[in-house]
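For reference, the structure is listed below as C-alpha cells.
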C-alpha cells in the first residue's frame, strides 16, 4: 500500500510538471520571438550565450528534462501512426508545442497515473482482487483515450475557428488586392491585423516563402495544416487562376460572393435547428417547473377531496 502511494505521488509530480509546461509554453514562444527580434536588430549572432543565460531556470533546465522524459516514454509505444498523429497535432495548432512522441508519452503517463489512482481508490473500498484488476484494465484504456479526445476537440475547435474567420478574411483580402497589394502582402496585412487561427496560418505561409519555399508549396502546406474544405477550395482556385493567368482580383470577388452565400446558408441551417435543440431542455426542465408552479397549489385541495370520498 505504501509503495503504491509513493508511486502515485511520483506520477502526480510528473503530471503537475507537464501541466506547468503547458501553461508556460506561450510565454516561451513570446520570449523566443522577442529574443530573435533583439538578435536581428543587433545584427549579431542569432542566439548568443549571454541571451541563453538570461532565460529563466525552468525554461533552460526543467522544460528540456520534462520534454525528454515525454519523448522517452513515447518511444516505448508503437510508432506506426506517427505521421497521422503529426498531422492531427498540426491541425490542432500544435497545442503547447507537443510533438508526436510528446503526445504518446503524455498518453502513457495519463494512463499510468489514472490507473494507479483508481487502484488506490478501489483498495480503500475493500473490493476483491479480480474486480480491482478488471477495473484497472478498463480504467487504463479509458485514461489512455482522454488525451486523444482532448486533441480531437482542439482540432474541431480550430477548424471551426478558421471556417468562421474565412469569410471576413476573404473580404479583407479582396479589399487589399483591389488597393494594389500583392497576394503575399495581403496575407501579411491580414496576419498583422488579426490574431485568430487563420491569421496565424497566413503569417506562417508568408514566413515560409521568406525561408525559400515557393508560394505554391507554402499554400499547399497551409491546406495540409488546416484541413478545412472551404480554405482548400479557395487555395485551389487561387493557384489555378495564377497558373492560367486569370485576374486574382476577379477570382477573389467571385470566391467572396460564394463564401458569403455559404455563410448565410449555414446561419439559416443553424436557425432552423434551434427549435429542435430547445425542445429537450423545454420538456425536461421548463415544463416540469411550470406544472409545479401552476398545479402545485391545487395538489393539497385534490388530496383533501380524495380523502373525503
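The selection criterion, being touching a residue at least 24 places away in the same chain (Cβ under 8 Å) and touching a helix residue (DSSP H, G or I) at 6+ places or on another chain (Cβ under 7 Å), holds for residue 104.
Only residues that are outside any helix (DSSP H, G or I) and more than 24 Å from residue 89 (Cβ to Cβ): list them for the stretch 213-247, please. I'd like the intermediate steps shown before the answer.
Filtering the stretch 213-247 down to residues outside any helix (DSSP H, G or I) leaves 213-214, 227-228, 245-247.
Residues satisfying the conditions are 214, 245, 246, 247.
Of the residues making up the stretch 119-132, those that are surrounded by fewer than 13 Cβ atoms within 10 Å (Cβ to Cβ) and either outside the structural domain of residue 104 (by TED's automatic domain parsing) or out of contact with any helix residue (DSSP H, G or I) (no Cβ under 8 Å at 6 or more places or on another chain) (or both) are 124, 125, 126, 128, 129, 130. The sole residue among 144, 138 that is surrounded by 13 or more Cβ atoms within 10 Å (Cβ to Cβ) and assigned to a helix (DSSP H, G or I) is 144. Considering the conditions (1) closer than 27 Å to residue 85 by Cβ; (2) touching a residue at least 12 places away in the same chain (Cβ under 8 Å), residue 194 is excluded by exactly one of them, (1). Would you check if there is a residue in the stretch 248-260 being over 32 Å from the mean Cα position of the chain (by Cα), modelled with pLDDT of 80 or more, assigned by TED's automatic domain parsing to the domain that holds residue 169 and not in a helix (DSSP H, G or I)? There is no residue in the stretch 248-260 that is over 32 Å from the mean Cα position of the chain (by Cα), modelled with pLDDT of 80 or more, assigned by TED's automatic domain parsing to the domain that holds residue 169 and not in a helix (DSSP H, G or I).
The values are calculated or read from the model by the stated rules, or taken from the named source; none is laboratory data. Fair warning: this is a prediction, and the values are worked out from it, not measured in the lab. Quick reminder, even Gly has a Cβ in these numbers, built from the backbone with ideal geometry, and neighbours come from all protein chains shown.
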